[in-house]
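The numbers here are math on the coordinates, done by the rules we state, and not lab data. Quick caveat: nothing in here was measured; it's all calculated off a predicted structure. Because the Cβ atoms are built from the backbone with ideal geometry, glycine has one as well, and the counts that use them run over all protein chains shown.
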Amino acid sequence: MREIDYSDYFWQDDKVRLRAIQVEDWESCYINGFDTPARRLLECAIELPPTITGAKKFTEENADFSSTNRRIMFTIENLNTESIGGINLNSIDERNGTFSIGIVIDKQYRGKGYGTSAMKILLKYAFLERRLNKFNDYVLEGNEASAKMMKKLGCVQEGVRRQVVYINGQYLDFILFGLTKDEFIEKQKEDGLFN
């Protein structure tokens, strides 16, 4: 295959590129299942031990945007084409213009701005291509890295749902965040990313 010119590609910035999940991504999916702290923050529960069969099934069911669970699933890769995590657009309500995003960055790639970059790409798509108006999400109490990322993206803390998840012998809160299309555009202008 000819070399691809990504210089004007919508689905990438100067750090990451979003692409379809591929069946070959099963190994990364399987290995990341052993990162209990990250999985607990993502799923708000302790999952059963990961299996190769489960990882293969997940990638097969979501490969090439074939998901039937109403999520648009992506693999995040760095510009060296290494898979570094996953992100998805979910809870899409076309009538009310609301949505959410789920994201996980592989352990060795956290804290480098990859998650924020991937979020900006998907927010831009949701707001400017899908005509959605409001991003709603939550961060599990204690997930300081995700709360920091939300604030960096310009999200507003809108409230707290108290004691909604039981993990490790205690009840934890959901910290609620939101971002409107207008707030997103204004933040991008402040950061010099939009004219």
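Points to keep in mind about this one:
- The single residue among I4, I87 that is hydrophobic (A, V, I, L, M, F, W, C), out of contact with any Pro (no Cβ under 6 Å at 6 or more places or on another chain) and farther than 25 Å from Y138 by Cβ turns out to be I4.
- Candidate set from the range 1-37 (those that are small (G, A, S) and in contact with a helix residue (DSSP H, G or I) (Cβ under 7 Å, 6 or more places away or on another chain)); member that is nearest to K107 (Cα to Cα): G33
- Hey, L132 surrounded by fewer than 20 Cβ atoms within 10 Å (Cβ to Cβ), farther than 26 Å from R40 by Cβ and aliphatic (A, V, I, L, M) or not: no
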